[in-house]
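Everything on this sheet refers to the single structure shown next.
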Amino acid sequence: MEQKNNTLLIYTLLYFAFLYVPVLFLPLFSFNDGNYMSFPLTGFTTEHYEEMWSKSNLHNALWASIKVGVVASTVSTTIALFAAKAFARYKFRGQNISYGAIMMPFLIPEIILAVSLLIIWLALGFKLGLVPVTLGHILFCTPFAMLILIARIEGFDFSLEEASRDLGENAWGTFFRVSLPLYLPGIIASLLLSFIISFDEFVLAFFLTGSDATLPMYMWAQMRFVQKLPHVLALGAVIIVFTTLIVLLAFWLRNLGQGKKKAEFGINIHE
Amino acid sequence: MLKALKSIYARSEPAKAYSLLSPALILVILVMLIPLTLMLSFSFFTQTSFTEINYSFTVQRYIDFFQKNLLVSLLIKSIKISFLVTLITLLTAYPVCYYIAFYVKKNKMLWLVLLTLPFWTSYLLRVFSWKIILGTKGVINSSLINVGLLNEPLTFLMYSETAVIITLTHAWAAFALLPLYVSLDKIDFSLIEAGRDLGLSRFEVFWKITLPLSLPGIIGAILIIFIPTVGDYVTPALLGGTDGRMLSNMIQGYFGKINNIPLGAASATIMLFTVAIVTIAVSYSTKKLSQRMS
Amino acid sequence: MNSSFIQINEISKHFGSVRAVDNVSFQIHEGEFFSLLGPSGCGKTTLLRLLAGFEYPTTGNLLLDGIDITSLPPDKRPTNMVFQNYAIFPHINVEKNIQFGLRKLGLSKEQIEKRVKDVLSLVKLEGYEERFSSQLSGGQRQRVALARALVRQPKVLLLDEPLGALDKKLRDEMQLELRSLQKEIGITFVFVTHDQQEAISMSDRVAVMSEGKIQQLSAPNELYKNPQNIFVSDFIGETNFLKASTKTQDGEYINVSIENLGEFKIKNNLNISENSFDAVCSIRPEAMKIDTVKSDWDICLEGKIRQTSYLGEMTKFYVETKELEKIITVSSQHFDNQSFKNNDCFISISLEDISLLDKK
């Protein structure tokens, strides 16, 4: 390992600033009592946060986003869990094509997915709303969930499942007594991260929600009017804090399992 | 009979694999492949009135697309913006990943989490925060005027191609950082030491060892940035103005106010092909490159 | 004792075009310690996994105690396995690991407790009930794996290289312990290993495998003394090979022409009757004598020492003679640096130490 490189260190820190500072302006201005987001700050206030409580549209949008997010993350994690198991466990013909097909939503601009879903939904004569949005989110979250779960399952020692079969458990018993508890940190991480992806997703929602706005749709509508901006800032700040906490929790869970695995591995080498 | 089937199933790995995969494959077929096929067929129809579509086959929409200078120039502009964003992101992110992979010893995971954390915060809000920064009464302009360096706000900051490029570079950074870091971190440091030992200079070691070995990460980053940015809608809509408008904004128009679904479908299809061509070209040239190296 | 307790009948297992196990038939006796020995990729683990039910044979069938188990899933077989990496469930403690397989046996709570207690004392793990896998040493994990399998009282215990992950000293200890444990409980053990010393020291019988086939199945001392082909001779210990072809038969003996050495009358352990049968002769390094002076043994060659390596209780010599390019021999006799002038030496061979091998 090389020793030190201060130029690179300074550059890296600047890059971190580039990543973080813009996002931090949202919470900063959310406490400013002016209507414009400009310097100098005019005074401290929490009224924009108070204002959020009074908006029933916001509450509806929040509720819609939670509903979509919970369904999308649960369904996509379940689907992805089976798929991840197949890829991590078996070798079979058509493996690469199947993997490519499931990862495809990741490799297609979202607007195209949105537009094609819009066309089929209207062609089938269905009403736009949260259902097509949820379907789109499931499609979009599945590759993410699968990547997270494959990372988890790939290091999994499949002889544990064989040991369970050998000790008299059938396939279901093995799944519930051995696989599920061991996959659990990965499953929770996948649920949390899929929920966040769905919760923040805008383009699919924009094309498919019709009149039932999700939270990003609500914010989008508010961003157009300067006088409504401050409470969007407050909402944004809340969302940023909330997402950060969930993501940190997910990362922690993911590493929790992997840390254990590493420790075990270390002991093996040690002896 | 059932028992025989069951035992064949128990013996067949592909059968087990595909039954595990079936929910995901059904999802992809129903929610992606069939809709995409339908979109493709709609691109061959004609919008006759606000609500009616003539379903007879015609390639007229594609002719329309290439005859409309606006659409072609938006396509070219989308590709150009995407290309610049990809290039800038790669160049700026590479040294950061290099630093973390080779110089950071303790808490690497923490650095990595910190790098990817902003990506998980709402995309819309990240784009919006640039509106706060670049706006006419935004952070940059108001600060510069306050300090007395400016009398008038800089107008080129907002509603321009530059604004779109800066914002996209920020918004998709995490996507470049992860594959780059993973490929750099995989490099066995003794290879680099061996290079130095065999008499290569630092620069030569980078050029002949580090860079080629990190190629998979570079390719991954290129695809993973180019694809979403070429079809990005939010950033140009919020920050692009007329100067920074991209093809997606037009597509949205065809499905919205303008209401020409077939032309919108044709435009989306053309965008999909652009993405496919870039993906194939990039993967093909990687294959060639890695063949030449080995 | 049932001498055909496990019957392996014309078993083949193909993975695509690879024949992991290639038309193998043999029987395992009740209560014996049976080893499958061979280099990695020889099919020994596949064969064990076929017995456990993790793989199903492409052709052939398996009988255990007279019952066809060929297509039974692993949870329906009266076999249990000790895995190579032990496969201790990391999310539950030692006690729960051992109880894991008892749930479906329909035992009462007291019976379960008694069985767990007994097996813990059998493998000397009392007091470790609450520990987790990550808190155990390699040897302790191995004991948990053993206990977990034995607590179900299987008819056959399958062991997949269970000592491979242990260091040498612990491995030697566990070899003795496993052997006496098997004698004590009397269950049939089928043991897979790539370590010939391990197989020879522990087993009642050993099947040497290579390329999916059984090369030789016999008692350990037979393997060493009477290897049937080049592979077995080479795999079990070190040896010197000499090219040879058979001449006339003479009762128990056969005249063999050994390349560059001449014609000799040696024991016909392969019962070859053919003339000019393409064979190989093998002489173990320790059967030869190296000395500074000539001897009156059947064959005595003059040679030069090319290299020596000191092995502690022995010294290994690499010798070149006019007749043979490279001879490996070991000697426990003490020689110092000055013993061999100009590295000149004499190699003596007795005819009864030469064994005839099938060239296959």
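The values are calculated or read from the model by the stated rules, or taken from the named source; none is laboratory data. Note that the structure is predicted; figures quoted are calculated from it, not measured. All Cβ positions, glycine included, derive from the backbone under ideal geometry; neighbour counts span all protein chains shown. Just so you know, the surface numbers come from the protein's heavy atoms only, side chains and all, with ligands and any DNA or RNA stripped out. Shrake-Rupley method; radii C 1.70, N 1.55, O 1.52, S 1.80 Å.
Of all residues in the range C:179-231, those satisfying the criterion of being in contact (Cβ under 8 Å) with a residue 24 or more places away in the chain, part of a strand (DSSP E or B) and open to solvent by less than 20 Å² (accessible area, probe 1.4 Å) are C:Thr188, C:Phe189, C:Val190, C:Phe191, C:Val192, C:Thr193, C:Val206, C:Ala207, C:Val208, C:Met209, C:Ser210, C:Asn229. State whether one or more residues within the range C:35-52 are in the same structural domain as C:Gln196 (by TED's automatic domain parsing), open to solvent by less than 10 Å² (accessible area, probe 1.4 Å), in a strand (DSSP E or B) and within 14 Å of C:Gln7 (Cα to Cα). Within the range C:35-52 (the criterion being in the same structural domain as C:Gln196 (by TED's automatic domain parsing), open to solvent by less than 10 Å² (accessible area, probe 1.4 Å), in a strand (DSSP E or B) and within 14 Å of C:Gln7 (Cα to Cα)), the answer is no, since none of the residues qualifies.
In this structure, is A:Ile150 touching a helix residue (DSSP H, G or I) at 6+ places or on another chain (Cβ under 8 Å), more than 30 Å from C:Arg103 (Cβ to Cβ), aliphatic (A, V, I, L, M) and within 9 Å of another protein chain (Cβ to nearest Cβ)? Break it down into steps so the answer makes sense when it comes.
Numbers: touching a helix residue (DSSP H, G or I) at 6+ places or on another chain (Cβ under 8 Å): yes; more than 30 Å from C:Arg103 (Cβ to Cβ): yes; aliphatic (A, V, I, L, M): yes; within 9 Å of another protein chain (Cβ to nearest Cβ): no.
In short, no.
Of the residues making up the range B:137-174, those that are over 24 Å from B:Ala93 (Cα atoms) and at the interface with chain A (Cβ under 9 Å from one of its Cβ atoms) are B:Lys137, B:Gly138, B:Val139, B:Asn141, B:Ser142, B:Ser143, B:Ile145, B:Asn146. Taking the criterion of being hydroxyl-bearing (Ser, Thr, Tyr), open to solvent by 10 Å² or more (accessible area, probe 1.4 Å) and within 9 Å of chain B (Cβ to nearest Cβ), the residues of the range A:57-97 that qualify are A:Thr78, A:Tyr90.
The single condition from (1) assigned to a helix (DSSP H, G or I); (2) on the phi > 0 side of the Ramachandran plot that A:Phe106 fails is (2).
Looking at A:Arg152, A:Arg165, which one is under 20 Å from the mean Cα position of the chain (by Cα), open to solvent by 20 Å² or more (accessible area, probe 1.4 Å) and within 19 Å of B:Leu20 (Cβ to Cβ)? Steps first, answer last, please.
Numbers: A:Arg165 fails: under 20 Å from the mean Cα position of the chain (by Cα).
One residue alone meets the criteria, A:Arg152.
Of all residues in the range B:7-60, how many are of a type in the set (D, E, K, R) and within 10 Å of chain A (Cβ to nearest Cβ)?
Applying the first criterion (of a type in the set (D, E, K, R)) to the range B:7-60 yields B:11, B:13, B:16, B:52.
Then keep just the ones that are within 10 Å of chain A (Cβ to nearest Cβ); that gives B:13, B:16.
The qualifying residues number 2.
Tally the residues that are of a type in the set (Asp, Glu) and free of Cβ contacts under 8 Å to residues at least 24 places away in the same chain, restricting the search to the range C:302-355. Break it down into steps so the answer makes sense when it comes.
Taking the range C:302-355 first, the residues of a type in the set (Asp, Glu) are C:302, C:313, C:320, C:323, C:325, C:336, C:344, C:352-353.
When the remaining residues are screened for being free of Cβ contacts under 8 Å to residues at least 24 places away in the same chain, the result is C:313, C:320, C:325, C:336.
Number of matching residues: 4.
One residue alone among C:Leu170, C:Leu178 is hydrophobic (A, V, I, L, M, F, W, C) and within 11 Å of another protein chain (Cβ to nearest Cβ), and that residue is C:Leu170.
Find the residue count for the range B:59-94, including only residues that are among the β-branched types (Val, Ile, Thr), farther than 30 Å from A:Leu8 by Cα and surrounded by 14 or more Cβ atoms within 10 Å (Cβ to Cβ). Total satisfying the criteria: 2.
Only a single item in (1) within 29 Å of C:Ser201 (Cα to Cα); (2) in contact with an Asp or Glu (Cβ under 6 Å, 6 or more places away or on another chain); (3) within 11 Å of another protein chain (Cβ to nearest Cβ); (4) buried (at least 19 other Cβ atoms within 10 Å of the Cβ) is not met by C:Ile88, and it is number (2).
Can we say A:Leu139 is at the interface with another protein chain (Cβ under 8 Å from one of its Cβ atoms), assigned to a helix (DSSP H, G or I), open to solvent by less than 20 Å² (accessible area, probe 1.4 Å) and closer than 24 Å to A:Ala213 by Cβ? Here the answer is yes, as A:Leu139 does meet what is asked.
Considering only residues in the range C:91-140 that are under 31 Å from the mean Cα position of the chain (by Cα) and within 17 Å of A:Glu169 (Cα to Cα), the one that is surrounded by the most Cβ atoms within 10 Å (Cβ to Cβ) turns out to be C:Ile98.
Which one is farthest from B:Thr86 (Cα to Cα), of the residues in the range B:112-166 that are β-branched (Val, Ile, Thr) and outside any helix (DSSP H, G or I)? Steps first, please.
Start the filter on the range B:112-166 by keeping residues that are β-branched (Val, Ile, Thr), which leaves B:113, B:116, B:121, B:127, B:132-133, B:136, B:139-140, B:145, B:147, B:155, B:162, B:164-166.
If we keep only those that are outside any helix (DSSP H, G or I) as well, we get B:121, B:136, B:155.
On the way: B:Thr121: 21, B:Thr136: 27, B:Thr155: 25 Å.
Selected residue: B:Thr136.
Only residues that are in contact (Cβ under 8 Å) with a residue 40 or more places away in the chain and aliphatic (A, V, I, L, M) were counted across the range B:73-116, and they come to 14. The single condition among (1) touching a strand residue (DSSP E or B) at 6+ places or on another chain (Cβ under 9 Å); (2) within 19 Å of C:Arg284 (Cα to Cα); (3) open to solvent by less than 40 Å² (accessible area, probe 1.4 Å) that C:Asp234 does not satisfy is (3).
Answer with yes or no whether B:Phe102 is of a type outside the set (Gly, Ala, Ser) and more than 7 Å from chain A (Cβ to nearest Cβ). It would help to see each step written out before you state the result.
On the way: of a type outside the set (Gly, Ala, Ser): yes; more than 7 Å from chain A (Cβ to nearest Cβ): no.
Here the answer is no, as B:Phe102 does not meet what is asked.
For the range B:124-131, does any single residue satisfy the condition of being open to solvent by 40 Å² or more (accessible area, probe 1.4 Å) and either under 30 Å from B:Gly217 (Cβ atoms) or more than 7 Å from every other protein chain (Cβ to nearest Cβ) (or both)? For the range B:124-131, residues open to solvent by 40 Å² or more (accessible area, probe 1.4 Å) and either under 30 Å from B:Gly217 (Cβ atoms) or more than 7 Å from every other protein chain (Cβ to nearest Cβ) (or both): present.
For the range A:205-231, how many residues meet the condition of being assigned to a helix (DSSP H, G or I) and more than 21 Å from the chain's Cα centre (by Cα)?
Going through the range A:205-231, the residues assigned to a helix (DSSP H, G or I) turn out to be A:205-208, A:215-223, A:226-231.
Keeping just the survivors that are more than 21 Å from the chain's Cα centre (by Cα) gives A:221-223, A:226-231.
Within the range A:205-231, residues that are assigned to a helix (DSSP H, G or I) and more than 21 Å from the chain's Cα centre (by Cα) number 9.
Collect the residues in the range B:90-111 that are farther than 26 Å from A:Ile246 by Cβ and part of a helix (DSSP H, G or I), keeping them in residue-number order. Of everything in the range B:90-111, those that are farther than 26 Å from A:Ile246 by Cβ and part of a helix (DSSP H, G or I) turn out to be B:Leu90, B:Leu91, B:Thr92, B:Tyr94, B:Pro95, B:Tyr98, B:Tyr99, B:Ala101, B:Phe102. Within the range B:218-234, track down each residue that is part of a helix (DSSP H, G or I) and either open to solvent by 10 Å² or more (accessible area, probe 1.4 Å) or more than 11 Å from chain A (Cβ to nearest Cβ) (or both). Those that are part of a helix (DSSP H, G or I) and either open to solvent by 10 Å² or more (accessible area, probe 1.4 Å) or more than 11 Å from chain A (Cβ to nearest Cβ) (or both): B:Ile218, B:Ile219, B:Gly220, B:Ala221, B:Ile222, B:Leu223, B:Ile224, B:Ile225, B:Phe226, B:Pro228.
Annotation for the range A:246-266: no member residue is at pLDDT 90 or above, open to solvent by 30 Å² or more (accessible area, probe 1.4 Å) and in a helix (DSSP H, G or I). As a summary of the residue check, A:Ser198 satisfies the conditions (1) more than 11 Å from every other protein chain (Cβ to nearest Cβ); (2) part of a helix (DSSP H, G or I); (3) open to solvent by 20 Å² or more (accessible area, probe 1.4 Å) except for the one numbered (3).
Filter the range B:235-248 for residues that are in a helix (DSSP H, G or I), open to solvent by 10 Å² or more (accessible area, probe 1.4 Å) and touching a residue at least 24 places away in the same chain (Cβ under 8 Å) and give the result. Explain how you work it out, then say what you get.
Start the filter on the range B:235-248 by keeping residues that are in a helix (DSSP H, G or I), which leaves B:235-240, B:247-248.
Going one step further and asking which of them are open to solvent by 10 Å² or more (accessible area, probe 1.4 Å), we end up with B:237-238.
Passing the criteria: only B:Leu238.
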